[in-house]
Amino acid sequence: MAKKKAKKKGKGKRRTGPYVPPVVTRVKFPSKRLGEMFGRIVGVLGNDRMEVFCEDGKHRMGRIPYIIFGAGKLNELYNIIPKFGKNVLFIIGGNSLKKSGKWDDITSILENKSINFSSTSISSEPSPSLVDEATAKFRDKCFDLVVGIGGGSVIDAGKAISAMLPKNNSIKNYLEGIGEKSHDGIKVPYIAIPTTSGTGSEATKNAVISEVGPDGFKKSLRHDNLIPDVAIIDPQLMISCP
């Protein structure tokens, strides 16, 4: 009986479709506290998206994004973007990223790689009007990806904008305790790049939206799928933080 020829080992086929993060892994823990502790550790060190829940089935911690961690890892962004497409919306902070010169570096590389991009700046906590105005302005641009670079407010704003670009109404309709609709999780893919260590918004499923004034509020837009698809944690972006 003729022996089958062994297949030659070599490089796999190059991915041509959209970027798909790793499959979620489910991990069980005997208590909520252990699950929370492990979830925090994996959120910093892990490379796979994981879903943490307890044996009793009552406490579910949700998944985490595909995390890229390390000094200089911001440069991975330029390799990841083409896997989603070549039309990107950047949500950035008001001043620090530009003052540091980092934004000039980013835009220069994007232009050299022929990546089309637009940007908008966030100088305070995202409000319903800010999100509504941004989505109305950019909805027809058909972005393949949203990237948020900044502190917690910027990351939340990017998360909310990515979630509302596919919708044709106000974010107020989807806020917990305010609106009557539930978000279905359909969004433009989102990459979060924090420049501060504080809120952990790059790994959560909600975006905090604030309204100031006599009828002010602070409410969340929430859905499991609003967790960023990718989080790039580069400590070099946080060197100037107190």
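The values are calculated or read from the model by the stated rules, or taken from the named source; none is laboratory data. Remember, predicted model here, so these are calculated numbers, not experimental data. Neighbour counts run over all protein chains shown; Cβ positions are idealised from the backbone, glycine included.
Of all residues in region 128-141 being surrounded by fewer than 17 Cβ atoms within 10 Å (Cβ to Cβ) and not aliphatic (A, V, I, L, M), which is farthest from V188 (Cα to Cα)?
Residues of region 128-141 surrounded by fewer than 17 Cβ atoms within 10 Å (Cβ to Cβ): 129, 133, 136-137, 139-141.
Among the residues that remain, those that are also not aliphatic (A, V, I, L, M) are: 129, 133, 137, 139-141.
On the way: S129: 19, E133: 17, K137: 15, R139: 10, D140: 13, K141: 12 Å.
Selected residue: S129.
For beta carbons closer than 8 Å, sequence separation of 6+ or different chains, a first residue in region 196-208 that is under 23 Å from G177 (Cα atoms) and modelled with pLDDT of 90 or more and a second that is of a type in the set (D, E) and surrounded by fewer than 19 Cβ atoms within 10 Å (Cβ to Cβ), the qualifying pairs are K205/D224; V208/E125.
For region 217-240, filtered to residues that are out of contact with any strand residue (DSSP E or B) (no Cβ under 7 Å at 6 or more places or on another chain) and without any contact (Cβ under 8 Å) to a residue 60 or more places away in the chain, the residue that is farthest from V146 (Cα to Cα) is I239.
Within region 190-230, the residues that satisfy the criterion of being more than 13 Å from K172 (Cα to Cα), among the aliphatic types (A, V, I, L, M) and touching a helix residue (DSSP H, G or I) at 6+ places or on another chain (Cβ under 8 Å) are I191, A192, I193, A203, L226, I227, V230. For region 209-223, taking the residues that are among the charged types (D, E, K, R) and either surrounded by fewer than 14 Cβ atoms within 10 Å (Cβ to Cβ) or in contact with a Pro (Cβ under 7 Å, 6 or more places away or on another chain) (or both), the one that is modelled with the lowest pLDDT is identified as D215.
What about L97, is it assigned by TED's automatic domain parsing to the domain that holds G152, at pLDDT 95 or above and surrounded by 13 or more Cβ atoms within 10 Å (Cβ to Cβ)? So L97 fails the test.
So which residues in region 168-180 are out of contact with any strand residue (DSSP E or B) (no Cβ under 6 Å at 6 or more places or on another chain) and modelled with pLDDT under 95? If the condition is that a residue be out of contact with any strand residue (DSSP E or B) (no Cβ under 6 Å at 6 or more places or on another chain) and modelled with pLDDT under 95, then N168, N169, G179, E180 are the ones that fit.
Conditions tested, residue by residue: (1) out of contact with any His (no Cβ under 6 Å at 6 or more places or on another chain); (2) over 16 Å from P228 (Cα atoms); (3) in the same structural domain as H183 (by TED's automatic domain parsing); (4) not small (G, A, S).
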position	(1), (2), (3), (4)
F84	yes, no, yes, yes
D104	yes, yes, yes, yes
K113	yes, yes, yes, yes
S127	yes, yes, yes, no
K137	yes, yes, yes, yes
D140	yes, yes, yes, yes
V154	yes, no, yes, yes
G158	yes, no, yes, no
M164	yes, no, yes, yes
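Among residues that are charged (D, E, K, R), crowded, with 17+ Cβ neighbours inside 10 Å and more than 16 Å from V230 (Cα to Cα), K205 is not included. Selection of region 71-123 for residues being more than 24 Å from A160 (Cβ to Cβ), in a helix (DSSP H, G or I) and of a type outside the set (G, A, S) yields K73, N75, E76, Y78, N79, P82, K99, D104, D105, I109, E111, N112.
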